[in-house]
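The values are calculated or read from the model by the stated rules, or taken from the named source; none is laboratory data. Everything numeric here is computed off the predicted structure, so don't read it as measured data. Cβ: placed from backbone, ideal geometry, glycine included. Neighbour counts: every protein chain shown. These accessible areas exclude ligands, DNA and RNA; they are computed on the full protein's heavy atoms, side chains included. Shrake-Rupley method; radii C 1.70, N 1.55, O 1.52, S 1.80 Å.
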Amino acid sequence: MGIDFKPENMLEKAIHEGNPEMLMQAIAEETVLTRLVSASCLNAECFTDEMIFSVIFLSIPKKLRETMSSGWFWGHLHAGERIKSLIKEALAPLPQDPSPEEKALIKAIVYKENEEIIRLIKNDGIKFQGFAPDLLLMLPGLSEEAALVFLKDGLSPKLKAIVLGILLKEAETPTLMKDFSYDVRVHYANLMLKIVSGKKFPADLQ
């Protein structure tokens, strides 16, 4: 799917070559995608949904992003059904009201109940579909394992991209996390980058 093109920057090169690692590096370096012809090739199997959402939210300007919902994008540029579905999901508003299951997970995070966080996500399969950024303020108070499970397994692919954008921004110009040290902010931004990049984590984090 997609139309062949000549890459003009690192992000386009990553898409053209099907290189997820380069793709994430380009996103972290704030490379902007200005041509939809390159975005039409994001359908490659090597790119996970969270990687594609990250490109959509973090690397494509808002006006261009909205153009991706047109029939021209997935018709003329042959973007494919998967990209069509992900664009539709990306442009849809996040749920405003948490489900009862999400409320239970929010409570566990707020009260720093590490084992309960892990149980709800791992055993009950609870995953946030909507999100309050203030929950990120709880991260330093959680155990390393609970924080990893929360960010890695407790967020939908769309939210992983959104949270990655928040944490990357907060690392350099904090507003939400201004009371945290630079090292702490960078730690969580790098952790989220690894998660979205599909990096494997050891089972024993101690």
**Report entry** Selected residue (only one of LYS112, LYS88 is open to solvent by 10 Å² or more (accessible area, probe 1.4 Å), at pLDDT 95 or above and touching a Ser or Thr at 6+ places or on another chain (Cβ under 9 Å))
**Finding:** LYS112
Query raised in the report: If you scan segment 126-150, which residues turn out to be modelled with pLDDT of 95 or more, of a type outside the set (Val, Ile, Thr), open to solvent by less than 50 Å² (accessible area, probe 1.4 Å) and not in a helix (DSSP H, G or I)?
Result: PHE128, LEU142, SER143
Query raised in the report: What pairs come up if the first residue lies in segment 157-175 and is over 14 Å from GLU50 (Cβ atoms), the second is among the β-branched types (Val, Ile, Thr) and surrounded by fewer than 19 Cβ atoms within 10 Å (Cβ to Cβ), and their beta carbons are under 7 Å apart, counting only those six or more places apart or on different chains?
Result: ALA171/VAL186
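Scanning for something in contact with a Ser or Thr (Cβ under 7 Å, 6 or more places away or on another chain) and in contact (Cβ under 8 Å) with a residue 24 or more places away in the chain, does segment 36-52 turn up at least one residue?
The answer is yes; a qualifying residue exists.
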Query raised in the report: When residues of segment 96-109 are filtered for being open to solvent by 80 Å² or more (accessible area, probe 1.4 Å) and farther than 19 Å from LEU142 by Cα, how many remain?
Result: 4
Query raised in the report: Quick one: is PRO93 in a loop (DSSP other than H, G, I, E, B) and either buried (at least 17 other Cβ atoms within 10 Å of the Cβ) or free of Cβ contacts under 8 Å to residues at least 24 places away in the same chain (or both)?
Result: yes
Requested in this report: Read through the list (1) within 12 Å of the chain's Cα centre (by Cα); (2) among the aliphatic types (A, V, I, L, M); (3) surrounded by fewer than 16 Cβ atoms within 10 Å (Cβ to Cβ), then give the number of the only condition that LEU176 fails.
Outcome: (1)
Query raised in the report: Is it true that PHE73 is open to solvent by less than 40 Å² (accessible area, probe 1.4 Å), over 22 Å from GLU29 (Cα atoms) and either at pLDDT 95 or above or out of contact with any Cys (no Cβ under 7 Å at 6 or more places or on another chain) (or both)?
Result: yes
